[in-house]
Structures are given as C-alpha cells and as structure tokens.
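For reference, the structure discussed in these notes is given below.
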Amino acid sequence: TKQKLWGGRFTGKTDPLMHAFNQSLSYDRRMHSQDIRGSIAYAKSLTKVGILTKEEENKITQGLESVEKEWVAGSFEVKEDDEDIHTANERRLSELIGPLGGKLHTGRSRNDQVATDMRLWLLDEVQEVEKAIKGLLRVLVERADNEKEYLMPGYTHLQRGQPIRWSHLLLSYALSLRYDAERLHQLIPRISVLPLGSGALAGNPFAVDREFLAKELGFQSVAENSLWGVADRDFIAEFLTWASLTMTHLSKIAEDLIIYSTAEFGFISLSDAYSTGSSMMPQKKNPDSLELIRGKTGRLFGNMAGFMMSLKGLPSTYNKDLQEDKEPLFDTVDNISACLKIAEGVISTLEVHGEKMRRALTMDVLATDLADYLVRKGIPFRETHHVSGRAVALAEARQCQIADLSLQDFKSLNGQFEEDVFKVFDFEASVERRQAIGGPSRRMVERQIFVLREFISKQ
Ligand code: ARG
C-alpha cells in the first residue's frame with residue numbers, strides 16, 4: 001500500500017524522528033482554506049486544458065469542499081503519514097472520491113502550491129491587520145480630539161523641554177501608525193503575485209491559463225518566472241520587516257505610557273482591565289499590557305532577523321529551508337494583531353490626570369519663549385538664548401522660578417525687557433504661539449485630527 005504521496009522511489013521507511021522533524025502540518029493546517037481554494041481554482045484550469053472533464057472537475061471540487069468542511073468542523077482526521085496541509089488535503093480527497101483525486105496534482109508541485117497558499121493566507125491577514133491599525137488610529141484621534149485642553153511638558157532626553165498639548169503627543173503616535181498603515185498597504189501588490197503554474201521549478205507543461213488562475217484567486221498579477229515563483233519569499237521578509245518597524249512604534253508608545261503611569265509622573269492611570277497585580281506586594285498595579293507590547297518588539301524583530309538568516313545562502317528555487325517561513329510569519333501576524341488590539345484597549349480606557357500634567361509644567365520650560373521674547377525685539381537668537389540662560393541661572397541661585405524674577409532683574413540682564421515680559425510666563429500662550437503647521441496649538445492639533453480622519457476613512 002502506498003503511504004507517502006512521494007513514496008514511489010522509496011523502499012525504506014522514514015525514521016519517526018525524521019517525520020516529526022520534517023512535518024509542517026501541525027502549523028500549516030491553518031492555511032487549509034487557502035489550500036482548498038487554490039486546488040479548486042487549479043482543477044478549473046485543468047478542465048480548461050482538457051486534463052479533466054467538467055464532470056471530473058465537479059467531483060474534485062465537491063470532494064475538496066467536503067475536506068474543507070471537515071477542517072472547519074474540526075473533524076479532519078490527521079493520518080500518520082500526513083506531512084503538510086497539501087499532502088493531507090490530497091490524501092483525504094482521494095479517500096473521498098477515489099483515484100480521480102490523483103489527477104488534481106497534474107502539472108502542479110507543492111512548490112508552487114505552498115507559495116500560492118502563503119500569499120493567499122497573508123493577503124487575508126493583511127486586511128485584518130489593516131483593520132487593527134485603523135482601530136488604534138481611531139482611538140488615538142478620538143482621545144486627541146476630546147482632550148485638547150490638557151497641557152503637559154514635552155520631553156527631550158526625558159528632560160522637560162517645552163509645553164505641548166497631550167493631544168499633540170497622541171497625534172505624534174498616530175502619525176507613525178498612519179505611515180505604518182500606508183506601508184502595509186503598499187506591500188499588497190507584491191504579495192498578490194500568483195506562483196501557481198510554476199510547477200516544481202520549470203513551469204507548467206499543460207499550458208494552464210495562469211491569468212485565469214490569478215483572476216479566480218484574486219491575485220493582481222502572475223509570477224513572470226517559474227524559478228522565482230517557487231522560491232520568492234521576499235513578500236514574507238517585507239512583512240516581517242514592516243512588523244518589526246511598526247512594533248518599534250508600539251514599543252515607544254508603551255514606554256512613554258509606562259513612565260507616565262508611574263507614581264512619580266502620575267500623568268495617566270491604566271484601567272484595571274489592562275493591568276495586573278503583584279503576588280507579593282498588595283499595593284501594586286503593574287502595566288503588564290504595555291510591558292508585553294514592548295517585550296514582544298524584540299520577539300518580532302527576532303522573527304524577521306531569523307528568517308533573513310534562513311534565506312541567506314539559499315541556492316535558487318525551492319529548498320526545504322523555505323518551510324521555515326511559516327512559524328515566524330504566523331507568530332508575527334498573531335502577535336502584532338494582539339499588540340495592536342491591546343494598545344487600542346489600553347489607550348481607549350486609560351485615565352488622564354490633567355492637573356498632574358499641569359503641575360509638571362515648571363516655568364523653566366518657557367525659557368525658550370523668554371529668548372523668543374527678545375528675538376521679537378530684534379535681538380539675534382544666539383544672544384537671547386544666552387540672556388534667557390542667565391535668567392534661569394539667576395532664578396536657580398535665588399531658588400525661585402524664572403517668572404518670580406523682578407522686572408529689575410530682567411533689565412539687569414538686558415535693557416530691552418519691559419513690563420510685558422511677564423506675559424511670557426503662560427503655558428497656554430506658549431503653545432498657542434506655535435501656529436505653524438505641525439505645532440501644538442489648538443488649530444494645528446485640529447488640523448492633524450482632520451487630516452488623520454481623512455486618512456482613516458479612505459482606503
Ligand atoms: N511543507 C512544505 C513547505 O512548507 C511544502 C513544500 C514541500 N516541497 C517539497 N519539494 N518538499 O515548504
């Protein structure tokens with residue numbers, strides 16, 4: 001009795017350890033729908049070139065549909081010799097419809113089949129990931145719109161720099177994610193290239209209509225070279241790279257929010273729904289959600305780097321190393337989807353403490369504005385920067401804030417200071433002075449919200 005689909009030239013049995021090592025069914029079974037879809041389309045193309053009669057095609061199609069139903073119902077029975085989703089489906093098809101099942105693989109190889117399945121699978125998933133990014137974007141924009149009145153220090157080097165709106169910070173996150181969404185969308189045409197009809201490596205000898213196959217399966221184009229068709233996994237490398245970059249953005253958001261949720265900052269509190277406690281310290285409420293997002297960034301980068309190493313040094317066409325594309329891709333898709341959804345949940349439920357943010361705004365963050373005051377009187381910025389720096393030093397020596405210095409003090413630093421210098425010490429005014437595109441003023445924050453909403457609603 002025939003055991004393996006490729007068993008013809010073999011007399012010896014596979015070592016059980018080798019079978020376990022070689023098999024991919026334990027993880028590639030999640031592509032069962034894509035594998036069946038590909039086979040149904042391929043059967044149609046075989047009919048078009050006279051390999052199958054219409055009747056045979058119908059029988060095969062019905063058989064494949066039954067196999068798919070078994071997968072969906074969870075009743076598909078894996079047999080000992082099933083190696084991967086392709087061999088399992090074909091084995092089951094033949095059990096259901098008899099030797100006719102053996103006609104399906106005419107001119108086809110698992111090499112063009114698996115490449116087709118992977119692309120179909122990723123195309124489906126990219127749509128879901130796009131939705132998840134849009135969901136997170138929507139929440140960021142919503143909060144930014146509702147919480148425009150909160151002012152906080154903007155930081156460089158984690159040192160207080162200048163006042164900004166909380167919304168402005170949220171919108172900076174959104175802008176990174178907006179470009180991530182755009183980049184992801186731009187991968188689609190390169191994922192959507194049909195390998196089927198490339199055969200094992202040297203193309204299809206039965207003149208199957210590959211443009212027809214592409215149309216049937218919803219591919220945008222056809223792989224123009226069969227050697228490339230079976231071997232190309234650049235679409236996976238690109239996706240893993242895309243995910244790594246996107247994760248660095250989520251990681252930055254996570255890190256900011258972790259810091260802002262400490263008692264020392266107290267700018268925000270995470271909701272209970274996204275926090276966990278300590279088994280020992282009863283008072284603890286830990287931001288595990290955000291820490292896991294930050295941590296998984298390393299893991300997803302590892303998936304990308306590991307897969308790149310698998311590709312390095314491969315000779316042309318299909319090599320079994322390529323089976324190593326699946327676990328990193330599946331893991332990355334699962335984890336980035338989870339991270340995007342958790343980030344959406346964290347951000348939509350956290351509580352903002354506007355008064356704490358306000359209290360973190362010390363007058364020194366207006367030192368730039370003080371320098372700008374003199375600039376408006378015609379003094380070169382390099383000089384005014386120095387004068388403002390001396391005001392900061394003077395206040396520090398007096399152990400007071402720069403706003404507490406007297407007009408006399410200011411005049412001693414530069415004769416151009418007048419009574420209106422005290423108007424500088426107003427955080428709202430500082431933020432509102434930044435009316436150039438991209439600034440934290442209310443109008444420019446509203447502009448960002450408008451532009452992002454446009455982006456979210458299209459595509
Ligand atoms: N399970 C294999 C993979 O994922 C399918 C292709 C096998 N092709 C072969 N020539 N052994 O890559």
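We did not get these values from a lab; they are worked out from the coordinates using the rules stated. Just so we're clear, the structure is a prediction, and the values are computed from it rather than from any experiment. Backbone-built Cβ (ideal geometry, glycine too); neighbour counts: all protein chains shown.
A few points about this structure:
- Packing-based ranking, highest mean first, of 323-333, 68-78 given that Cβ atoms within 10 Å are counted: 323-333, 68-78
- Size of electric dipole in the chain: Cβ of Lys, Arg +1 and of Asp, Glu -1, about Cα centre, debye, nearest 20: 460
- Shape category assigned to segment 19-83 from the gyration tensor of Cα positions, a/c cut at 1.5: prolate
- Taken about its Cα centre, segment 111-359 carries a charge dipole of about 900 debye when Lys and Arg each add +1 at the Cβ and Asp and Glu each add -1 at the Cβ.
- Once the chain from Ser26 to Ser279 is taken as fully extended at 0.36 nm per residue, the excess over their C-alpha distance is 87.5 nm.
- Estimated distance in nm for a label pair at Ala73 and Lys54, the labels positioned 7 Å out from Cα along Cα-to-Cβ: 3.0
- Taking a ≥ b ≥ c as the square roots of the Cα gyration tensor eigenvalues, segment 96-170 comes out prolate, since a/c reaches at least 1.5 and a/b is larger than b/c.
- 33 Å tail of the calculated P(r), the chain, as % of Cα pairs: 53
- The tail of the calculated P(r) for segment 111-359 beyond 26 Å holds 49 percent of all Cα-Cα pairs.
- Relative protection proxy for 276-287, 211-222, from highest mean packing down: 211-222, 276-287 (other beta-carbon atoms within 10 angstrom).
- Radius of gyration over Kirkwood radius for segment 297-364, both on Cα atoms: the Rg/Rh ratio is 1.35.
- Extension gain, Phe450 back to Asn286 (0.36 nm per residue minus Cα-Cα distance, nm): 55.6 nm
- Sequence of Phe21, Phe301, Phe239 once ranked by neighbouring C-beta atoms within 10 Å, starting from the fewest: Phe21, Phe301, Phe239
- In a DSSP loop and with at most 14 other Cβ atoms within 10 Å, the trypsin sites (Lys or Arg not before Pro) in segment 329-431 are Arg376, Lys377.
- For the chain, relative contact order (Cα pairs under 8 Å, six or more residues apart, normalised by length) works out to 16 percent.
- Above 22 Å, the calculated P(r) of segment 34-177 contains 58 percent of its Cα-Cα pairs.
- The calculated FRET efficiency for Arg443 paired with Lys341, based on their beta-carbon distance and R0 = 30 Å, is about 0.35.
- Out-of-range pairs (alpha-carbon distance over 27 Å; input Lys69/Lys312; Lys13/Lys79; Lys296/Lys356; Lys44/Lys69): Lys69/Lys312; Lys296/Lys356
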